[in-house]
Structure formats: C-alpha cells, structure tokens
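One structure is given here, and the rest of the page talks about it.
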Amino acid sequence: MLEDSDIEDLHCDELDSSSSSTHSSSDTETEPVVQPAKRSKAAGKQKKGQSSPFDFSSSYIPVSRNVPQNSQQPGPTNLGDVDNESDVLDIFQLFWTDATWQKFTDMTNLRAEQTLQANANDYYAKLWSPLTVDETKAFFAVRLSMEYAVIRPRYESYWYRNKRGILFQTPGYRKYFTRDRFLGIWRFLHYVDEQSRDKDDKLYKVRPLIDELISGFKSHYVLEKDLSLDEGVIPTKNRLGFKQYLKDKPVKWGIKSYMLCESKSGYVYNLEVYTGKSTNDTDTSYVNDPEIGATGNVVYRLVHGLENQGFTVYMDRFYTSPTLFKFLSDSGIDACGTCMTNRKHFPVQIIRKQKELRRGESVYVACENLSAVTWMDRRPIYFMSTCHDPSEETVVKRREKSGESKEYRVQLLLLATTEIWAGATAMIRWQDYIEAVVTIVGQGNLL
C-alpha cells in the first residue's frame with residue numbers, strides 16, 4: 001500500500017530506528033519554539049468571522065482511556081479445522097465458503113430461466129441445462145487460467161482446432177467445457193437476483209459477495225492495536241463509470257478501494273470500493289457526518305465498530321485533518337499521520353518555509369491530546385497525532401548529499417508514522433487466492 005510516491009511525499013524513508021534512543025525535550029539544550037506566522041495562502045480554509053474550535057498552544061494534555069481487556073490473542077481465530085498443516089485452499093475456504101459456491105450456482109440457474117422466459121429464442125438459454133456446484137468451481141478455474149496463464153484474443157479461440165498443428169491449440173479447455181456451455185455460463189453468471197435488487201448501487205451485482213467476504217475478514221482475525229489505512233487499485237480497463245486513473249500508483253487504471261489493514265501483518269480487515277460521489281442519504285447505516293467531510297467519512301466507515309478498544313489508525317495526508325482526528329478521538333480511536341497545511345483549522349503558527357528551519361529542527365503545538373508538528377527534512381513535513389506527546393524525541397540517522405549519515409533529533413510520533421504505517425506494505429498476496437480457486441477444481445468430478 002505504501003508506494004514510492006508516498007515515501008517521497010513523506011520524506012522520511014531513511015529514518016533509522018536501530019540507533020534511536022528516547023529523550024524528553026527537557027533533556028535538550030533548547031525547547032521547541034512556537035513562533036507566530038502570517039497566514040499563508042496554503043493555510044486552512046475558514047470562513048470569515050468563524051472562530052476555530054481548536055486552541056493550539058505548547059501544552060499537550062494526554063487523554064486517559066478505559067480500554068476493556070481483551071482475552072483473545074491477536075491473530076487468526078475461529079479457524080475450524082484449519083491448523084498448521086493446512087494449505088492455502090483451506091484458508092481460502094474460510095472466506096469463500098460452500099454457501100458462496102451454492103449461491104453462485106443457484107443465481108446463475110435463475111438468471112438463465114429468467115432470460116428464457118423473456119426471450120424464448122435466446123440461443124444460450126435454449127441450450128441451458130442446470131448448472132452444478134462442481135461446474136461452477138471448474139468455470140472459475142478456467143476463467144482464471146485465461147486471465148493469468150493462457151492469453152487468447154477471444155473466448156471462442158480457446159476451442160479452435162488450428163490446422164497448423166497441436167502447438168497452436170489449447171485442448172485442455174475442451175476437456176472440461178464445450179464452447180457453448182462455457183459461453184452460456186459466462187453470460188448468465190450471477191450472484192444476485194436481477195429482478196429483486198436496488199440497481200441504484202453501482203456494485204449491486206457483487207455487493208452481497210463483498211459484504212460476505214468482509215464479514216469473514218472480521219470474524220476470522222483479532223487485530224493488534226496499530227492499524228493502517230490507505231487506498232489500493234484493483235487492475236482493470238473495463239468500461240466502468242467508476243474506473244479510476246491513478247498516475248502515482250504502479251497500477252494506473254483500475255477500481256480504487258480504501259482498505260483498513262493491520263499494520264504488522266498487512267491483513268485486510270475492512271474495505272470500501274470507491275464508486276463515485278455517494279448518494280446514500282436515506283440509508284441510516286451509512287455514516288455520513290458533514291463535519292468531517294467526504295474523505296473523513298470514508299475513514300470513519302472503515303473503523304466503525306472499533307471504538308473505545310484502544311486502536312490507533314495511521315494514515316497519510318490525503319485523509320488527515322484536525323477535525324477528523326478530533327472526531328476519532330472523541331469516538332475512542334487514536335490517529336496519527338502526515339498532514340497538509342490547507343486542511344481546515346490546521347495551526348498556521350507552525351507553517352514554515354524552506355529556509356525558516358534547519359534540517360532536523362522542529363516546532364509543535366497542541367490542543368489537549370491533538371498535537372501538530374513541523375519537522376524540517378529536505379523540506380517541511382507536517383504531522384498530526386492524538387496519541388503521542390510531541391515533546392518526546394529520539395535520534396535518527398539521515399543521509400546527507402555527500403553520502404554520509406548524520407544524526408538528527410525527531411519526535412517519536414514521526415518515527416511511529418513512518419514505521420507503523422509502512423507496515424501495511426505486507427498486503428495479502430492476491431496470487432494466493434488465484435492459486436486456491438484453481439486448486440478447487442480438484443475437489444469436483446470434472447478432473
């Protein structure tokens with residue numbers, strides 16, 4: 001999740017905690033100085049005559065939380081028959097259950113019946129025979145092999161009997177499906193009843209499947225207290241109204257999704273697929289607080305249900321704002337991350353230009369447990385946190401232009417942001433899921 005462009009924006013890629021040691025600002029020669037500054041054009045937007053709800057000063061006041069004791073150890077849970085001897089298929093089936101396969105089968109058969117009733121002359125509907133669960137599993141395996149192993153320009157071409165010789169044929173596909181059977185399943189494949197769904201949701205065809213997978217993610221894992229939040233891209237160039245182009249990501253085109261992960265393992269605990277501007281105004285279960293904005297609501301929807309349990313969410317500057325952090329803190333969730341100075345209510349007194357601080361110098365302010373820090377690296381970097389004392393410092397090594405390493409003092413919250421948030425790069429490999437689905441064919445009678 002943490003890309004090279006994110007590291008460049010963060011400008012802390014060389015922070016080295018191996019030689020760090022914790023200090024308090026009272027041990028240093030000088031206290032961090034908070035200097036008044038003129039409001040810059042990049043300062044937080046605020047209506048004329050409107051007072052800020054944040055009274056920033058040099059005093060940090062931590063919040064004491066009564067976190068209930070959790071008897072469960074962090075890590076996998078409710079695993080059933082899965083143990084150390086289990087393979088990737090066994091783990092996959094915790095989330096993609098037999099009920100999932102059955103529902104795919106039933107809804108595909110239903111869609112074929114509905115099509116035949118609407119159009120008695122439909123070619124594939126006339127040829128249709130009831131689909132079985134084994135066929136559904138085999139179909140998924142064949143489709144995945146077409147995407148990741150054997151690439152042909154058209155689906156029909158996998159059944160061509162090329163006169164130029166066996167080397168140009170793919171006879172394996174004919175072993176499991178006839179051409180018309182495969183194309184018929186592909187046409188009618190469904191997970192919902194088209195005639196009973198609210199089609200205002202752009203993901204209505206897969207919404208129940210996504211919800212079931214997320215429910216499995218949550219029920220089979222106990223989180224550690226440090227979480228990371230960022231966006232990822234599901235690669236596709238299909239014709240979709242909500243397809244995104246993200247120039248700074250390794251995958252440029254695709255479906256953007258926001259993901260909440262455990263920082264240490266990268267385990268995906270919750271996600272939300274971006275489909276454009278939300279219109280869920282009438283859905284009472286859909287969190288949409290106007291005070292924290294659209295991006296802030298994405299964050300809160302992902303962490304909803306984790307309130308008052310001692311969790312800390314680390315995020316980048318795309319999400320961070322004083323209003324959101326205050327909102328999360330009041331909900332019993334701590335937050336930490338980089339921040340942009342144009343966020344509403346951002347403390348303008350710590351905004352610095354390139355030459356106003358030397359490398360390694362910093363200034364900070366706080367409003368109760370909400371702290372904001374400016375640390376000078378090659379340029380000013382801005383951080384916010386609701387769970388770190390900005391006066392606590394450590395020593396890190398930074399590389400100079402000459403190639404030598406030099407020690408600089410830095411707030412602990414900066415080090416925590418770079419180390420913990422970056423832990424989400426250990427995302428679960430989607431290739432493991434693909435391997436599992438292909439292996440599932442072996443359970444049926446088609447091999």
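The values are calculated or read from the model by the stated rules, or taken from the named source; none is laboratory data. Since we're looking at a predicted model, the values are computed, not measured. Methodologically, a virtual Cβ is constructed for each residue, glycine included, from the backbone with ideal geometry; neighbour enumeration extends over all protein chains shown.
Checked against the criterion of being among the aliphatic types (A, V, I, L, M) and surrounded by fewer than 19 Cβ atoms within 10 Å (Cβ to Cβ), the candidates Leu240, Leu302 yield just one match: Leu240.
Screening the stretch 186-197 for residues that are in a loop (DSSP other than H, G, I, E, B) and not hydroxyl-bearing (Ser, Thr, Tyr) and picking the one that is farthest from Arg207 (Cα to Cα) gives Leu189. Cβ-Cβ distances below 8 Å connect the following pairs, each with a first residue in the stretch 113-135 that is more than 25 Å from Thr97 (Cβ to Cβ), a second residue that is loosely packed, with under 11 Cβ neighbours inside 10 Å, and a separation of six or more residues or different chains: Gln114/Gln195; Lys126/Ala120. Remark: pairs (first residue in the stretch 251-275, in contact (Cβ under 8 Å) with a residue 60 or more places away in the chain and part of a strand (DSSP E or B); second residue surrounded by fewer than 17 Cβ atoms within 10 Å (Cβ to Cβ) and aromatic (Phe, Trp, Tyr); Cβ separation under 7 Å; 6+ apart in sequence or on different chains) are absent.
Taking the criterion of being in contact with a helix residue (DSSP H, G or I) (Cβ under 7 Å, 6 or more places away or on another chain) and part of a loop (DSSP other than H, G, I, E, B), the residues of the stretch 165-180 that qualify are Thr170, Phe177.
May I ask you to list the residues in the stretch 380-390 that are in a strand (DSSP E or B) and crowded, with 24+ Cβ neighbours inside 10 Å? Step through it out loud before you land on a result.
Start the filter on the stretch 380-390 by keeping residues that are in a strand (DSSP E or B), which leaves 380-385.
Result: Phe383, Met384, Ser385.
Considering the stretch 211-242, and only residues there that are modelled with pLDDT of 90 or more and among the aromatic types (Phe, Trp, Tyr), the residue that is farthest from Thr295 (Cα to Cα) turns out to be Tyr221. Are any residues in the stretch 97-112 farther than 21 Å from Tyr155 by Cα, touching a residue at least 12 places away in the same chain (Cβ under 8 Å) and small (Gly, Ala, Ser), and if so, which ones? Listed by number, the list is empty, since nothing qualifies. Looking across the stretch 95-115 at every residue that is among the charged types (D, E, K, R) and under 16 Å from Ile210 (Cα atoms), the one that is surrounded by the fewest Cβ atoms within 10 Å (Cβ to Cβ) is identified as Asp98.
Matching residues to (1) crowded, with 20+ Cβ neighbours inside 10 Å; (2) more than 17 Å from Thr320 (Cβ to Cβ); (3) assigned by TED's automatic domain parsing to the domain that holds Val313; (4) without any contact (Cβ under 8 Å) to a residue 24 or more places away in the chain:
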position	(1), (2), (3), (4)
Lys344	no, no, yes, no
Val348	no, no, yes, no
Ile351	yes, no, yes, no
Arg359	no, yes, yes, no
Ser371	yes, no, yes, no
Arg378	no, yes, yes, no
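Give the residues of the stretch 143-198 that are of a type in the set (Gly, Ala, Ser) and under 23 Å from Leu110 (Cβ atoms), sorted by residue number. Working first, answer last.
Kept after step one, since they are of a type in the set (Gly, Ala, Ser), are these residues of the stretch 143-198: 145, 149, 157, 165, 172, 184, 196.
Result: Gly184, Ser196.
Go through the stretch 391-421 and give me each residue that's closer than 24 Å to Glu224 by Cβ and not in a strand (DSSP E or B). Leu412, Leu413, Leu414, Leu415, Ala416, Thr417, Thr418, Glu419, Ile420, Trp421 - these are the residues of the stretch 391-421 that are closer than 24 Å to Glu224 by Cβ and not in a strand (DSSP E or B). Kindly provide the set of residues from the stretch 214-246 that are within 29 Å of Asp90 (Cβ to Cβ) and out of contact with any strand residue (DSSP E or B) (no Cβ under 9 Å at 6 or more places or on another chain), ordered by number. Of everything in the stretch 214-246, those that are within 29 Å of Asp90 (Cβ to Cβ) and out of contact with any strand residue (DSSP E or B) (no Cβ under 9 Å at 6 or more places or on another chain) turn out to be Ser215, Gly216, Ser219.
Could you pull out the residue among Leu183, Leu209, Leu227 that is surrounded by 16 or more Cβ atoms within 10 Å (Cβ to Cβ), in a helix (DSSP H, G or I) and touching a Ser or Thr at 6+ places or on another chain (Cβ under 8 Å)? Outline the logic, then answer.
Values: Leu183 fails: touching a Ser or Thr at 6+ places or on another chain (Cβ under 8 Å); Leu227 fails: in a helix (DSSP H, G or I).
The match here is Leu209.
Can you find even one residue in the stretch 170-185 that is of a type outside the set (Lys, Arg), within 30 Å of the chain's Cα centre (by Cα) and not assigned by TED's automatic domain parsing to the domain that holds Val268? No: zero hits.
Take the conditions exposed (fewer than 15 other Cβ atoms within 10 Å of the Cβ), without any contact (Cβ under 8 Å) to a residue 12 or more places away in the chain and outside the structural domain of Ser52 (by TED's automatic domain parsing) and apply them to Ser219. Does it pass? Show your work before the answer.
Numbers: exposed (fewer than 15 other Cβ atoms within 10 Å of the Cβ): yes; without any contact (Cβ under 8 Å) to a residue 12 or more places away in the chain: no; outside the structural domain of Ser52 (by TED's automatic domain parsing): yes.
No.
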